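Visitor: Dropping a structure here in structure tokens format, bear with me for questions.
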Amino acid sequence: MKRSYAWCAFALASVLGAFSCRSSDAPDRTVASGTNAQASSRLDWWRDARFGLFVHWGLYAIPAGEWDGKTDYGEWIRDSAHIPIKEYETLRPRWNPTKFDPEAWARAAKDAGMRYLVITTKHHDGFCLFDSSVTDWDVMSTPAHRDVMAAISDACRREGIVPCWYHSIMDWHEPDYLPRRGWEKAGRPADGADFDRYEHYLDAQVTELLTHYGKIGVMWFDGEWESTWNHARGKRLYDLCRRLQPDVIVNNRVDVGRGGMSGMTTAEGTCGDFGTPEQEVPANGLPGVDWESCMTMNDHWGFNAHDQDFKSSRDLIRTLVDVVSKGGNFLLNVGPTAEGEIPAPCLERLAAIGNWMKVNGDAIHGTQASPIGAPTFGRVTVKKDGGDTRVYLHVFDWPRDGVLVLDGIGNVVKSARLLAEPGRELTVKGGSGSLRVNVPERAPDADVSVVEIVVRGAPIVYAPPRVEADADIFVSPLEVRLVPSASGLDVRYTLDGSEPTARSQKYVGAIRVAQTTTITARSFDGEVPVMKSVGRKLVRAVPEPAIANEGWLPGLVYLTTLGDRTTVSNSNGISITDGESLAEVEEQLQEKTAALVAIPDEYRGREHVMLSFMGFVRVPADDVYTFALTSDDGAVLHVGQDFVCDDDGLHEAVEVRGTVALAAGWHRFGLDWFNRTGQAVLKLEMGLAGKPLAPIRAEDLAHDEVNAESGPATGK
């Protein structure tokens, strides 16, 4: 057994004197605070790269997604198929990827236009693809007896690719890791487990990864969401990485507080250099913050031989463009086979992306987010060029009339061309913040064609004004604000939905509306309209009547339902989990009361469970109220007769907000929440629309016996 805790303790001690999360050489643009100060130089290469390859590879590639007749598994197979640890360990002597060619992997990434490669050094199953001195649960105890990280890092550098490491904080194999999976607690008790000792083990392996393989671009952590990991541990790990390699970039999953699949950390003071949206692209980007969307080509991260649901090359190219146009990086995943080959459908798509990048890569590498959002024809990226700016128009929908219209740029145009036909100049006409580019009849690329426009100076951006209000519904008169897109522009507006003109009312201060109104606003440069108008309908609502309190009892009633589900309403029924008797299950299904909207202590960490809260909630005045529901996995909320928040489905902690008009007094309340596996989160806050929110007070919750017997309140 290659374990030396004395060595681990020495590694942990190296944290002393390490850089703090917000030290002078920590990133100035952070996922935690969202500040937009001068960017640190160590992130420059990563921001310039924009495109990287993600590789999920490990023992889970051997079953290739299949276990006991089911074929929908991936890298989580040990947990999702409930494989006992001794049975999973039988995969280790089968690890012998004779077709593994690290040079071919690195070349595939390079040819696709990628600049960096992130590979799993250890996934949640704990198996290490590198030579670790503190465990024999690694590749050196397999027939292959080959350090994958050494091979990959060498191959990447030869091809000009930056090697980067993925490393799981969660570990289902190491005996000191806590908590145990819910299904294995009976067969694998946690007696004697010590998470502090596990932290030494984790630090020792991170030290190996950052001292044995040369300069590493990114430490990409994952598996931080379980209750044993916290900010203090995350900070120590972040500091260790930065002490070992001051220039290494560390993602936000080193710390806690990530907002589910959206991937961004909102809490102040947390560690991490960039956010990590997973399988999604932020709708409007994240200005001033570094982020990277990671995404699979099909439906699994690890290899699944049965999963042929591959995204098309067009979809992948357009996703790359979408991500970069919003200021992010794109990390595209492949799951190699147990033999060590990248599957052919993945290679085909990488080659197609590479062909597109050979022509249009200048519109991706080194570019920044669109200053004007997403035009109707596609996306925009920009790049500084001395004192001028190169504006790249990524055209998804080629204009039938041969005229490409770009709204929002007020600069003088110096030149225009197609990247696919660089020697052919295009003519451009402009005025009032709109450019009209004459393009050929046919698009040069069926997926995405790129027009490059060079404009004088930094972008002069015109955009519609913003119509700001606390909510789209109101009870009392509502204050509305119109915010111009740029200094020097006037905003004119109408209150009847008609198009504003140079003679319409000029905005000089807050507008107060007392009846249902459609505000339409437009920016003007003097008397010349410079952009399209924007409208917003604001509805005066009648508050839902309150219900008289007839001696109700404090708190809410909640019912428990056991079983595997993917949504509130989709369940495989009640199930008895390992170690439970029927009597214990029946007891958990009894009605109970809760003083607050929160997971009761007895259900914290419980998997395959749904709680249905029922009762009444009180509000102090006739007004519009905002409810903010955060859940992991899914939850839905009803207040009165309204379906207020839909946070349903399988996901990590995500906040969803909804508004409703309520009269002063009591209103029916129903909330269904479930947790399938992993972290369990439930939080509900409430407040007047546009005002700070807070948890609902105990004195504002009540229930009666009739409601308690009525069954789940909000099933969809």
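Visitor: Has the range 90-107 got at least one residue that is assigned to a loop (DSSP other than H, G, I, E, B), touching a Gly at 6+ places or on another chain (Cβ under 9 Å) and among the charged types (D, E, K, R)?
Guide: yes
Each row is one residue, and each column tells you yes or no for (1) open to solvent by 30 Å² or more (accessible area, probe 1.4 Å); (2) under 26 Å from A689 (Cβ atoms).
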position: I453; (1), (2): no, no
position: I460; (1), (2): yes, no
position: P464; (1), (2): yes, yes
position: A471; (1), (2): no, yes
position: A510; (1), (2): yes, yes
position: T517; (1), (2): no, yes
position: P529; (1), (2): yes, no
position: R536; (1), (2): yes, yes
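Visitor: If the requirement is being under 30 Å from W95 (Cβ atoms) and charged (D, E, K, R), which of these qualifies: D273, D307, D322? Steps first, please.
Guide: Details: D273 fails: under 30 Å from W95 (Cβ atoms); D322 fails: under 30 Å from W95 (Cβ atoms).
Sole residue among the options that is under 30 Å from W95 (Cβ atoms) and charged (D, E, K, R): D307.
Visitor: Looking only at the range 391-418, how many residues end up being in a loop (DSSP other than H, G, I, E, B), surrounded by 18 or more Cβ atoms within 10 Å (Cβ to Cβ) and not aromatic (F, W, Y)?
Guide: Matching residues across the range 391-418 total 3.
Visitor: Among the residues of the range 522-549, how many are farther than 18 Å from F474 by Cβ, aliphatic (A, V, I, L, M) and assigned to a strand (DSSP E or B)?
Guide: Qualifying residue count for the region: 3.
Visitor: Select from the range 156-171 the residues that are assigned to a loop (DSSP other than H, G, I, E, B) and either among the hydroxyl-bearing types (S, T, Y) or over 24 Å from Y238 (Cβ atoms) (or both) and list them in ascending order. Steps first, answer last, please.
Guide: Within the range 156-171, the subset assigned to a loop (DSSP other than H, G, I, E, B) is 159-161, 169-171.
Residues satisfying the conditions are E159, G160, I161.
Visitor: Let me ask something else. Quick test for you: out of T714, T659, pick the one residue that is among the polar types (S, T, N, Q), modelled with pLDDT of 90 or more, crowded, with 18+ Cβ neighbours inside 10 Å and within 30 Å of S476 (Cα to Cα). Even if it seems obvious, please write down each step before you answer.
Guide: Numbers: T714 fails: modelled with pLDDT of 90 or more.
On inspection, the qualifying residue turns out to be T659.
Visitor: Need at least 3 residues that are farther than 25 Å from E499 by Cβ and touching a Leu at 6+ places or on another chain (Cβ under 9 Å) per element, so show me which strands (runs of 3 or more DSSP E) inside the range 428-482 make the cut, counting only ones lying wholly within it. Quick ask: steps written out before the conclusion?
Guide: Values: elements: 428-431, 434-438, 449-455, 466-468.
Where strands (runs of 3 or more DSSP E) fall fully within the range 428-482 and carry at least 3 residues being farther than 25 Å from E499 by Cβ and touching a Leu at 6+ places or on another chain (Cβ under 9 Å), they are 449-455.
Visitor: Mind checking which residues of the range 260-276 are under 21 Å from I119 (Cα atoms), at pLDDT below 95 and assigned to a loop (DSSP other than H, G, I, E, B)?
Guide: G263
Visitor: Next question. Take the residues in the range 594-650 that are on the phi > 0 side of the Ramachandran plot and within 25 Å of the chain's Cα centre (by Cα), then tell me which one is surrounded by the most Cβ atoms within 10 Å (Cβ to Cβ).
Guide: Ranking the qualifying residues of the range 594-650, first place goes to H608.
Visitor: For the range 667-688, check the following and say yes or no: at least one residue is polar (S, T, N, Q), surrounded by fewer than 21 Cβ atoms within 10 Å (Cβ to Cβ) and over 23 Å from T560 (Cβ atoms). Steps first, please.
Guide: Taking the range 667-688 first, the residues polar (S, T, N, Q) are 675, 677, 679.
Of the ones still in play, those that are also surrounded by fewer than 21 Cβ atoms within 10 Å (Cβ to Cβ) are 677, 679.
From what's left, over 23 Å from T560 (Cβ atoms): none.
Checking the range 667-688: not a single residue is polar (S, T, N, Q), surrounded by fewer than 21 Cβ atoms within 10 Å (Cβ to Cβ) and over 23 Å from T560 (Cβ atoms).
Visitor: Conditions: (1) within 30 Å of D136 (Cβ to Cβ); (2) modelled with pLDDT under 50; (3) open to solvent by 60 Å² or more (accessible area, probe 1.4 Å); (4) part of a loop (DSSP other than H, G, I, E, B). S24 meets all but one. Number of the miss?
Guide: (1)
Visitor: Go over the candidates R436, R390, R400, R417 one by one and state the one that is more than 27 Å from the chain's Cα centre (by Cα) and free of Cβ contacts under 8 Å to residues at least 12 places away in the same chain.
Guide: Working: R436 fails: free of Cβ contacts under 8 Å to residues at least 12 places away in the same chain; R390 fails: free of Cβ contacts under 8 Å to residues at least 12 places away in the same chain; R417 fails: free of Cβ contacts under 8 Å to residues at least 12 places away in the same chain.
On inspection, the qualifying residue turns out to be R400.
Visitor: Ok, one more. Hey, K70 hits all of (1) within 30 Å of A267 (Cα to Cα); (2) open to solvent by 40 Å² or more (accessible area, probe 1.4 Å); (3) at pLDDT 50 or above but one; which does it fall short on?
Guide: Evaluating K70 over (1) within 30 Å of A267 (Cα to Cα); (2) open to solvent by 40 Å² or more (accessible area, probe 1.4 Å); (3) at pLDDT 50 or above leaves (1) as the failure.
Visitor: Quick check on my filter: what residues within the range 172-197 are closer than 18 Å to R233 by Cα and open to solvent by 30 Å² or more (accessible area, probe 1.4 Å)? It would help to see each step written out before you state the result.
Guide: First, pick out the residues of the range 172-197 that are closer than 18 Å to R233 by Cα: 174, 176-179, 193-197.
Selection gives L178, P179, D194, D196, R197.
The values are calculated or read from the model by the stated rules, or taken from the named source; none is laboratory data. Everything numeric here is computed off the predicted structure, so don't read it as measured data. Note: ideal-geometry Cβ built from the backbone for every residue, glycine included; neighbour counts use all protein chains shown. Just so you know, the surface numbers come from the protein's heavy atoms only, side chains and all, with ligands and any DNA or RNA stripped out. Shrake-Rupley method; radii C 1.70, N 1.55, O 1.52, S 1.80 Å.
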